[in-house]
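The structure under discussion appears below in the form of structure tokens.
The values are calculated or read from the model by the stated rules, or taken from the named source; none is laboratory data. Here the structure is a predicted model, which is why all the values come from computation and not from measurement. Cβ placement follows ideal geometry from the backbone for every residue including glycine, while neighbour counts extend to all protein chains displayed. What goes into the accessible areas is simple: the full protein's heavy atoms, side chains included, and nothing from ligands, DNA or RNA. Shrake-Rupley method; radii C 1.70, N 1.55, O 1.52, S 1.80 Å.
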Amino acid sequence: MRPPCPQPSCTKKTYFYRFILQPMRFRQHIISCIGLLLLQSLIGTASAQRVFVNVPNGFYELTGGAGNCTWVPLNNECVPTTSTGTYSMAVYKDTIYYLNGTQLYSFKIGASGSCQSYGTIGTFTSMTVDPNGILYFASSFLWRYDPYNNQLTNLGNMPFGSAGDLIFFNGKLLLAGTPPGIYEINIANPAASTLYMDTNGLGFFGLVSYPVPCGNSRYFGLVPITSGGTRMYELDLLNKTVLGNTCNLAGLNVYDAGSTTEGGISAGITITSLQVTQPCPPTLTGNINIQAIRDGFTVNYTLNGSTTNTTGIFNNLPIGQYNLHLEANGCALDTAINITPGLNPVIGVQQTNPNNCDGNNGSVTLTASTGHLPITYTMLNNGQQQANGAFNNLVPGIYQFNIKDAAGCNKDTTITLVQQPPLFVQTVQLDGVHCGSNTGFIKLNLAGGDTSGVTTSLSGAAFLPQVSYYNLGPGIYNIQAKRGTGCFFDTTVIIANIIDPKPQLTATVNPQVCYLNNGSINITAAANGYTFGYQLNGGGFGSNGNFTNLAPGSYLVGIRNQYGCTWDTTLVIKPYPKVPVSATAATINPDCEKVFNGSITVTVTGTAGPYTLWLNNRSFTSGQAITGLTEGSYTITINDKDGCVVDSITEQLTIKLEPRCLTVYVPSAFTPNGDGRNDVFRPANAFFTQNMRLQVFNRYGQMIYNGTGPNAKWDGTYKGANQTAGAYVYWLTYTDYLGAAKRVKGNFILIR
């Protein structure tokens, strides 16, 4: 029976009225009243392949096969249904059982006069039959009815209500329950029943099972349609998935359904049980017990193509892979089974005895290997069971463990943990006196660095919340430590007077070069187990013994080790040597026409050669003529072989003025064609003129160029435009070298 509906009178009959005649008003009511339907058929006898449904006024047979919604009426061999209608039905072999109101009836399919009445059973909307012909009903309780002796038994309450039909599937009793879903019923203890699969909110009337010859059946669920009829969805009960809608039973408002296979019998070969006894070392053989059914036929079992029996039992099998071939009346099924060794009896054990003051940090780690995971580790003392072998926070005591793998192989082991002396103090760190000063120290290193609650006493002094003592002189010290009232530590140590070894020094001193402050000192001190710092002329100590940019002179270098012991040494940076040098110069003055044809030749003698001469960022060798010079003063620096400036010499060049250099020459023509020759009109030999102005006029007297200075020149254009070929007039004014004002007028020709 379904769980209580919003109104006590909710039955399949009232559901039909409300669903068909008043769908909008009672839509929410419908959801809680939907039942479960299983339709299942087999390949075999005619009745074994037939699937039936019942509606309020009778029975129908589904004729279209898997996923098809065609149907024909079926004659009810019993009395016509009452006004209360038929709720539930089940099919056992060739017999249909059904509830008409509260009365249970049965009849053989197509056999006139075969009706049988069992009396009042009760109102139930969920009904099925097992392979032995025993009926099951469900409400919020699970009921069993034996039609052979008319015995009805209440098996117990379930944690959910019925919403439809019952069905046997792979040996499980399934129920369409509420909330919507398919639930697995624990027949022995209905209160322990659980959800089998979620139906995505679909409330199924039932599940239709159509057999595939020699194979797995296809299953379909039935859901009512608001406007009338029933919708069929394909289901994957094995993988617990709703696959989708396949067709509609138009005009049939199905209450329940059944087939000769709703007890869970398959059309093909179905493996009902498989027990593999894996070998537990030192045993190296296992057993296989496989059981399968095909309705009405004997199953033959063949192992590795050679050994055949009808029991499915094969014993004393060595380790390896086995192929099983099952056959019954032309249907076959193959499967492979591995016989692999189980739990290795050699169990790895790693134990840590408790060593804190509370004695609760012991541990045991067990390591096992098997071909059948997972491994379960159980501490038998308290029943603690876990998937790994690490057991922590253990106190002293005797512990018993059981290790078991998935094949059932197991091994027991016993481990004893004992209390270790409290080791909250792990090590004592100390150092002696260095350099004759009180630099000794004592430090206690605690487990995990945890200093909470720890006090210490040094040589009988009061206990203090500290773990380190510094600035100690040489001598014998007793140090005690305690934590709480249960942990104690007591030891005697010696602070030695340590003579620190004088370090080995390695020094590199680079002298001054070229009279600059570029000398350097690089010093390294070494002694086993020591580190050193360095200082220069009383400055600060640093880890780097490299000192640069030093002037010539004497330097005091200090060396200090990590304990403050110091040493010093004096190092000298030598000055750059001054070597006498002699330089002579020969000059040639530039003339007034070429202007830049002067030269200077310097010859250097000395012992620091070869020497290099430098003038205007150009280098020359001793005795090499420096050419291309004009009038002016020239200072030439002299560098020695190291590139250092050791001397310089200054020479003056003067242009010799001659009368021919006082006249400015003006060309009579020019060709501004861009060939790099004679492209501009300009005065020549004007190096010694001053205040020069050049003006150019065209044939109309228009001035088209006006330039000043020694570089005045006309390019043959006016306002950016090329001027035409022909004659032009120029005016040239300037002051000559002697200070006389000059004015020259003339003609010239522009040639294009």
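Using the structure shown, decide if residue 139 is modelled with pLDDT under 90, in contact with a Phe, Trp or Tyr (Cβ under 9 Å, 6 or more places away or on another chain) and either open to solvent by 10 Å² or more (accessible area, probe 1.4 Å) or within 15 Å of residue 177 (Cβ to Cβ) (or both).
On the way: modelled with pLDDT under 90: yes; in contact with a Phe, Trp or Tyr (Cβ under 9 Å, 6 or more places away or on another chain): yes; either open to solvent by 10 Å² or more (accessible area, probe 1.4 Å) or within 15 Å of residue 177 (Cβ to Cβ) (or both): yes.
Criteria met by residue 139.
Could you list, in sequence order, all residues of segment 685-728 that are in a loop (DSSP other than H, G, I, E, B) and either in contact (Cβ under 8 Å) with a residue 60 or more places away in the chain or open to solvent by less than 40 Å² (accessible area, probe 1.4 Å) (or both)?
The initial filter retains those residues of segment 685-728 that are in a loop (DSSP other than H, G, I, E, B), namely 685-689, 698-702, 709-713, 715-716, 719-720, 723-725.
If the condition is that a residue be in a loop (DSSP other than H, G, I, E, B) and either in contact (Cβ under 8 Å) with a residue 60 or more places away in the chain or open to solvent by less than 40 Å² (accessible area, probe 1.4 Å) (or both), then 685, 686, 687, 688, 689, 698, 709, 712, 716, 723 are the ones that fit.
Taking segment 330-361 on its own, how many of its residues are touching a Ser or Thr at 6+ places or on another chain (Cβ under 6 Å) and surrounded by 15 or more Cβ atoms within 10 Å (Cβ to Cβ)? Give the steps one after another, and end with the answer.
Just the residues of segment 330-361 that are touching a Ser or Thr at 6+ places or on another chain (Cβ under 6 Å), to begin with: 342-344, 347-348, 350, 352.
In the following step, the residues that additionally are surrounded by 15 or more Cβ atoms within 10 Å (Cβ to Cβ) were identified as 342-344, 347.
Looking only at that region, the number is 4.
Could you list, ordered by first residue, the pairs with Cβ atoms under 8 Å in which the first is in segment 360-382 and over 18 Å from residue 281 (Cα atoms) and modelled with pLDDT under 95 and the second is part of a loop (DSSP other than H, G, I, E, B) and open to solvent by less than 20 Å² (accessible area, probe 1.4 Å), at least 6 apart or interchain?
Going by the 8 Å Cβ cut-off, the qualifying pairs are 360/354; 361/354; 362/354.
Could you identify the single residue in 534, 530 that is in a loop (DSSP other than H, G, I, E, B) and either touching a residue at least 12 places away in the same chain (Cβ under 8 Å) or open to solvent by less than 70 Å² (accessible area, probe 1.4 Å) (or both)? Don't jump to the end; show me each part of the working.
Working: 534 fails: in a loop (DSSP other than H, G, I, E, B).
Answer to the check: 530.
I'd like the full set of residues that are part of a loop (DSSP other than H, G, I, E, B), at pLDDT 90 or above and loosely packed, with under 14 Cβ neighbours inside 10 Å, limited to segment 394-420.
408, the sole residue that qualifies.
Of all residues in segment 556-584, how many are assigned to a loop (DSSP other than H, G, I, E, B) and of a type in the set (Lys, Arg)?
We begin by selecting, within segment 556-584, every residue assigned to a loop (DSSP other than H, G, I, E, B); these are 562-565, 574-580.
Applying the additional criterion that residues be of a type in the set (Lys, Arg) yields 574, 578.
Adding up the residues that qualify gives 2.
Report yes if residue 440 is in contact with a Leu (Cβ under 7 Å, 6 or more places away or on another chain) and modelled with pLDDT under 95, otherwise no. It would help to see each step written out before you state the result.
Details: in contact with a Leu (Cβ under 7 Å, 6 or more places away or on another chain): yes; modelled with pLDDT under 95: yes.
Yes; evaluated as a whole, the condition is true for this residue.
Hey, can you tell me all the residues within segment 421-432 that are open to solvent by 70 Å² or more (accessible area, probe 1.4 Å) and in contact with a helix residue (DSSP H, G or I) (Cβ under 9 Å, 6 or more places away or on another chain)?
Of everything in segment 421-432, those that are open to solvent by 70 Å² or more (accessible area, probe 1.4 Å) and in contact with a helix residue (DSSP H, G or I) (Cβ under 9 Å, 6 or more places away or on another chain) turn out to be 423, 426.
Take the residues in segment 93-120 that are among the β-branched types (Val, Ile, Thr) and either open to solvent by less than 30 Å² (accessible area, probe 1.4 Å) or assigned to a loop (DSSP other than H, G, I, E, B) (or both); name whichever of them is modelled with the lowest pLDDT. Give the derivation first.
Going through segment 93-120, the residues among the β-branched types (Val, Ile, Thr) turn out to be 95-96, 102, 109, 120.
Retained after the next criterion (residues that are either open to solvent by less than 30 Å² (accessible area, probe 1.4 Å) or assigned to a loop (DSSP other than H, G, I, E, B) (or both)): 95-96, 102, 109.
Numbers: 95: 93, 96: 93, 102: 88, 109: 92.
Only one residue fits best here, namely 102.
Looking only at segment 664-684, how many residues end up being modelled with pLDDT under 85, open to solvent by less than 80 Å² (accessible area, probe 1.4 Å) and not small (Gly, Ala, Ser)?
Number satisfying all stated conditions: 1.
Quick check on my filter: what residues within segment 339-353 are among the polar types (S, T, N, Q) and either more than 26 Å from residue 282 (Cβ to Cβ) or touching a residue at least 40 places away in the same chain (Cβ under 8 Å) (or both)? Working first, answer last.
Keep residues of segment 339-353 that are among the polar types (S, T, N, Q), which gives 340, 344, 350-353.
Of everything in segment 339-353, those that are among the polar types (S, T, N, Q) and either more than 26 Å from residue 282 (Cβ to Cβ) or touching a residue at least 40 places away in the same chain (Cβ under 8 Å) (or both) turn out to be 340, 344, 351, 352, 353.
Could you count how many residues in segment 590-618 are open to solvent by 80 Å² or more (accessible area, probe 1.4 Å) and part of a loop (DSSP other than H, G, I, E, B)?
7
Taking segment 237-260 as the search range and keeping residues that are surrounded by 22 or more Cβ atoms within 10 Å (Cβ to Cβ) and in contact with a helix residue (DSSP H, G or I) (Cβ under 7 Å, 6 or more places away or on another chain), which one is nearest to residue 132 (Cα to Cα)?
260
For the condition surrounded by fewer than 22 Cβ atoms within 10 Å (Cβ to Cβ) and at pLDDT 90 or above, what is the one hit in 128, 153, 123? Outline the logic, then answer.
Details: 128 fails: surrounded by fewer than 22 Cβ atoms within 10 Å (Cβ to Cβ); 123 fails: at pLDDT 90 or above.
None of the other options fit; the residue is 153.
Does residue 365 satisfy the condition of being surrounded by fewer than 16 Cβ atoms within 10 Å (Cβ to Cβ), closer than 30 Å to residue 449 by Cβ and touching a Phe, Trp or Tyr at 6+ places or on another chain (Cβ under 8 Å)? Break it down stepwise before answering.
On the way: surrounded by fewer than 16 Cβ atoms within 10 Å (Cβ to Cβ): yes; closer than 30 Å to residue 449 by Cβ: yes; touching a Phe, Trp or Tyr at 6+ places or on another chain (Cβ under 8 Å): yes.
Yes; evaluated as a whole, the condition is true for this residue.
Please find, among 110, 119, 161, the residue that is over 22 Å from residue 260 (Cα atoms), of a type outside the set (S, T, N, Q) and free of Cβ contacts under 8 Å to residues at least 60 places away in the same chain.
Details: 110 fails: over 22 Å from residue 260 (Cα atoms); 161 fails: free of Cβ contacts under 8 Å to residues at least 60 places away in the same chain.
Step by step, each of 110, 119, 161 is checked, and only 119 is over 22 Å from residue 260 (Cα atoms), of a type outside the set (S, T, N, Q) and free of Cβ contacts under 8 Å to residues at least 60 places away in the same chain.
Only one residue in 555, 515 is at pLDDT 95 or above and not β-branched (Val, Ile, Thr). Which one? Talk me through it step by step, then tell me what you get.
Working: 515 fails: at pLDDT 95 or above.
So the residue among 555, 515 that is at pLDDT 95 or above and not β-branched (Val, Ile, Thr) is 555.
Matching residues to (1) touching a Lys or Arg at 6+ places or on another chain (Cβ under 8 Å); (2) modelled with pLDDT under 95; (3) of a type in the set (Val, Ile, Thr):
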position	(1), (2), (3)
266	yes, yes, no
283	no, yes, yes
292	no, yes, no
306	no, yes, no
331	yes, yes, no
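Would you be able to say whether some residue in segment 272-280 is within 45 Å of the chain's Cα centre (by Cα), β-branched (Val, Ile, Thr) and under 27 Å from residue 136 (Cα atoms)? It would help to see each step written out before you state the result.
The initial filter retains those residues of segment 272-280 that are within 45 Å of the chain's Cα centre (by Cα), namely 272-280.
Pick out the ones that are also β-branched (Val, Ile, Thr) and you get 272, 276-277.
With under 27 Å from residue 136 (Cα atoms) added as a condition, the list becomes 272.
Within segment 272-280, one or more residues are within 45 Å of the chain's Cα centre (by Cα), β-branched (Val, Ile, Thr) and under 27 Å from residue 136 (Cα atoms).
Considering only strands (runs of 3 or more DSSP E) fully contained in segment 145-212, which possess at least 2 residues that are under 22 Å from residue 66 (Cα atoms)? Can you show your working first?
On the way: elements: 151-157, 161-169, 172-178, 181-185, 194-197, 206-210.
Counting at least 2 such residues, we get 161-169, 172-178, 206-210.
Of the residues 90, 48, which is in contact with a Ser or Thr (Cβ under 6 Å, 6 or more places away or on another chain), modelled with pLDDT of 50 or more and not polar (S, T, N, Q)?
Working: 48 fails: modelled with pLDDT of 50 or more.
Residue meeting the stated conditions: 90.
Does residue 646 count as of a type outside the set (S, T, N, Q), on the phi < 0 side of the Ramachandran plot, in contact (Cβ under 8 Å) with a residue 60 or more places away in the chain and surrounded by 14 or more Cβ atoms within 10 Å (Cβ to Cβ)? Let's see the steps before the verdict.
On the way: of a type outside the set (S, T, N, Q): yes; on the phi < 0 side of the Ramachandran plot: yes; in contact (Cβ under 8 Å) with a residue 60 or more places away in the chain: yes; surrounded by 14 or more Cβ atoms within 10 Å (Cβ to Cβ): yes.
Spelling it out, residue 646 is indeed of a type outside the set (S, T, N, Q), on the phi < 0 side of the Ramachandran plot, in contact (Cβ under 8 Å) with a residue 60 or more places away in the chain and surrounded by 14 or more Cβ atoms within 10 Å (Cβ to Cβ).
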